[in-house]
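> Mind having a look at this structure? Questions to follow.
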Amino acid sequence: MLADKALELIRELDRTKDGQMPAFNEDTIRIVLEEMNTLFEQNQRDVNATVAGDVRYFSGVHLRHAALERNRRCLLAYLYNRLERVRDMRWEFGSILPADIRANMCEPEIIWFNKYNKNLASYMRSLGEGTGLDLTQDIKPPKNLYIEVRCLQDYGEFEIEEGDTVVLQKNTTHYLPMAQCQHLIRQGILEHVE
Amino acid sequence: MACNASYYPNYFSLSDILATQDRVPCKFELSVYNLGYLDPSSGNKDVVAGTKLELPCWLARALCSSRRHIVSAQLPNTFKERYREIMKADASVVDLHKLGPHYYELGQHLLPLAGPEAAALASLLTQTLRERLRGIMDSAQNSLRDDVNAQIAKLDELERTLFHAGQKALQDHQLWLSRRAHILTTSTMVDQHNKRKFSAIDS
């Protein structure tokens with residue numbers, strides 16, 4: 001059936017939700033583009049025939065045109081939804097993505113991610129009358145300046161702003177300034193205990 | 001093609017694309033030349049007028065409108081009189097996921113194709129959702145995380161979204177009641193990512 005390959009792409013995205021990034025499916029995209037080329041050429045031929053006065057091909061032109069539009073929609077939706085995921089990952093993972101996710105992105109997506117990173121950073125710097133404001137901080141309203149955290153994995157030395165360093169070892173608990181350990185909590189290295 | 005622009009919620013929506021893929025029984029009113037491969041069983045080079053085929057909804061919508069009438073579409077069985085009667089009897093026990101995981105969305109896309117049955121179809125959709133919604137809300141607000149799978153097995157995608165929204169509200173409310181709403185947690189994407197990483201290492 002027409003446009004089935006394009007639907008495969010959509011199905012693939014639909015199956016992988018919640019922060020998964022399926023590998024960029026360049027092969028299928030190429031097949032879809034080839035299908036579109038063929039459809040377009042056939043349409044051109046039939047349109048020429050129609051213009052020449054043979055109107056019986058007209059219904060076929062409509063049918064192929066619908067398939068072309070469907071293919072286009074699937075391809076654009078595939079790219080757009082992937083980009084949306086890349087954008088969400090900036091907020092969830094931080095400015096550096098894990099290597100296995102990066103490996104599943106195509107070159108333009110990586111460039112886009114870096115640009116988005118840069119734009120976001122310069123926007124955050126421009127906030128607060130020149131002092132800058134980290135929008136990725138304080139996703140939930142903070143209640144205390146210091147919080148108790150437990151390490152979930154070995155992280156190594158961690159320097160806090162006052163100049164002290166703490167060694168974040170697995171299963172140790174610490175009392176740290178919230179502003180500085182939030183990102184580690186979001187990334188699953190620390191756990192907030194109460 | 002302004003006539004079939006009903007991209008809801010937007011052009012890029014995955015669920016809308018999937019919903020418009022479901023098959024609709026169609027009958028070709030005009031012959032379509034050089035596209036015989038649409039109907040491989042016939043072996044013809046062309047699709048001749050009068051051929052009956054199941055076309056995806058998006059194609060049926062494009063070919064059957066007030067302006068052009070290349071095919072005439074019928075409602076799929078699951079939206080016909082017989083199922084309408086079943087829905088009227090008791091909508092809340094029907095397995096909508098089996099009838100098509102995008103039941104409501106497909107139903108909306110079929111409205112322009114339904115012809116004289118459009119009014120019946122429209123009221124079928126609204127009535128079905130109205131009857132089922134109370135049960136969905138009830139189970140969303142009162143079931144624990146463990147037995148969710150059994151609860152959502154019979155729901156279509158739209159209802160699942162509602163169910164999950166209800167569950168999220170319930171969990172957030174419980175966190176707030178136990179004064180734990182401010183506790184920071186690992187972001188969901190990172191959590192999922194780590195889980196997959198560990199299961200890959202284990203295996």
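Bear in mind that the values in this text are calculations on the coordinates, not laboratory data. Every value quoted in this text rests on a predicted model; they were computed, and no experiment measured them. All Cβ positions, glycine included, derive from the backbone under ideal geometry; neighbour counts span all protein chains shown.
> Nearest 0.05, what FRET efficiency do B:Asn10 and A:Thr165 give at R0 = 35 Å with Cβ-Cβ as r?
Efficiency at R0 = 35 Å is approximately 0.10.
> Further question on the same structure: Give me a comma-separated list of calculated 3J(HN,Hα) values for region A:125-131, in order, Karplus coefficients 6.51, -1.76, 1.60 applied at θ = phi - 60°, integers in Hz, x for any Gly or Pro.
With coefficients 6.51, -1.76 and 1.60, one gets 5, 6, 7, x, 6, x, 7 Hz.
> Do any trypsin sites (Lys or Arg not before Pro) in region A:60-155 lie in a DSSP loop with no more than 15 other beta carbon atoms within 10 Å, and if so, which?
Passing sites in region A:60-155 are A:Lys143.
> Report the extension gain between B:Ser66 and B:Asp138 in nm, rounded to one decimal, defined as 0.36 nm multiplied by the number of residues separating them, less their alpha carbon distance.
21.7 nm
> Please compute the contact order of region A:146-193 in relative form: average sequence separation of alpha-carbon pairs under 8 Å and at least six residues apart, divided by the residue count, as a percent.
50 percent
> Here is a further query. Would you please state the base-10 log of I(q)/I(0) at q = 0.24, 0.25, 0.30, 0.32 1/Å for region A:83-125, with intensities from the Debye formula using one equal scatterer on every alpha carbon?
-0.81, -0.88, -1.20, -1.31
> Can you tell me which of B:118-124, B:14-20 comes out highest on packing, and rank the rest after it, using the mean Cβ neighbours within 10 Å?
Sorting B:118-124, B:14-20 by mean packing, highest first, produces B:14-20, B:118-124.
> Another one. List the residue ranges in chain B for DSSP H helices whose C-alpha atoms run 18 angstrom or more along the long axis and whose Kyte-Doolittle average is -0.5 or above.
The qualifying helices are B:118-142.
> Can you give the average number of partner chain beta-carbon atoms within 10 Å of each beta-carbon in peptide A:53-66, as a whole number?
Neighbouring Cβ atoms belonging to other protein chains average 5 per residue here.
> Run through every distinct alpha carbon pair of region B:26-98 and return the Kirkwood hydrodynamic radius in angstroms, one decimal place.
By the Kirkwood definition, the hydrodynamic radius is 14.1 Å.
> So between B:Asp147 and B:Arg130, what do we pick up on full extension, going 0.36 nm a residue minus the alpha carbon distance?
3.7 nm
> A:Ala23 to B:Ala119: FRET efficiency via 1/(1 + (r/R0)^6), r the Cβ-Cβ distance, R0 56 Å, to the nearest 0.05?
E between A:Ala23 and B:Ala119, to the nearest 0.05, is 0.75.
> Hey, what did chain B get for relative contact order, percent, Cα under 8 Å, at least 6 apart?
Relative contact order, chain B: 16 percent.
> What ranking of A:Asp54, B:Asp39 emerges when the number of other C-beta atoms within 10 Å of each C-beta is taken as an exposure proxy, fewest first?
The fewest-first ordering by Cβ neighbours comes to A:Asp54, B:Asp39.
> Send over the Kirkwood Rh of region A:146-193, from the inverse of the averaged 1/r over different Cα pairs, rounded to one decimal Å.
Mean inverse Cα-Cα distance, inverted, gives 10.4 Å.
> Related question: Please work out the Cα center distance from region A:62-95 to region B:46-65, rounded to the nearest Å.
When both Cα centres are located, 27 Å separates them.
> Please give every one of the lysines within straight-line cross-link reach of A:Lys143, meaning a C-alpha to C-alpha distance under 27 Å, and leave out same-chain neighbours fewer than 8 residues apart.
Of all the lysines, those that pass the test against A:Lys143 - Cα under 27 Å, at least 8 places apart if same chain - are A:Lys170, B:Lys168.
> Amide H of B:Glu54 versus every other amide H placed in the peptide plane: which residues, excluding those fewer than 5 positions away on the same chain, fall under 5 Å?
Sorted by chain and number, the residues that satisfy this are B:Cys26.
> What are the radius of gyration and Dmax of chain A, computed over its Cα atoms and given in Å?
Spelled out, the Cα radius of gyration and Dmax of chain A are 25.4, 85 Å.
> Let me ask something else. Take peptide B:128-138, look around each residue's Cβ out to 10 angstrom, count Cβ atoms belonging to other protein chains, and average those counts.
0
> Among B:Gly107, B:Gly36, B:Gly166, which one shows the highest mean-square fluctuation when chain B is modelled as a Gaussian network with alpha-carbon springs under 10 Å?
Among B:Gly107, B:Gly36, B:Gly166, the largest GNM mean-square fluctuation belongs to B:Gly36.
> Roughly how tilted is helix A:26-51, in degrees to the nearest 10 and between 0 and 90, from the longest Cα axis of chain A?
Helix A:26-51 and the main axis of chain A meet at about 30 degrees.
> Per-residue mean of other chain beta-carbon atoms within 10 angstrom of the beta-carbon, peptide B:7-20?
For peptide B:7-20, the averaged partner shielding equals 4.
> In whole percent, what relative contact order does chain A give with Cα contacts below 8 Å and a gap of six or more residues?
17 percent
> Moving to a separate point now. Report ³J(HN,Hα) in whole Hz for each residue of region B:45-55, in order, from the Karplus equation J = 6.51 cos²θ - 1.76 cosθ + 1.60 where θ = phi - 60°; Gly and Pro get x.
These are the phi-based 3J(HN,Hα) values: 7, 10, 8, 7, 4, x, 5, 9, 9, 9, 10 Hz.
> Same structure, new question: Translational diffusion coefficient of the protein assembly as shown at 25 °C, 0.890 mPa s, Stokes-Einstein with Kirkwood Rh over Cα pairs, in µm²/s as a whole number.
97 µm²/s
> Tell me, what does the Kirkwood hydrodynamic radius of chain B come to in angstroms if you use every pair of distinct C-alpha atoms?
Radius from the Kirkwood sum: 20.1 Å.
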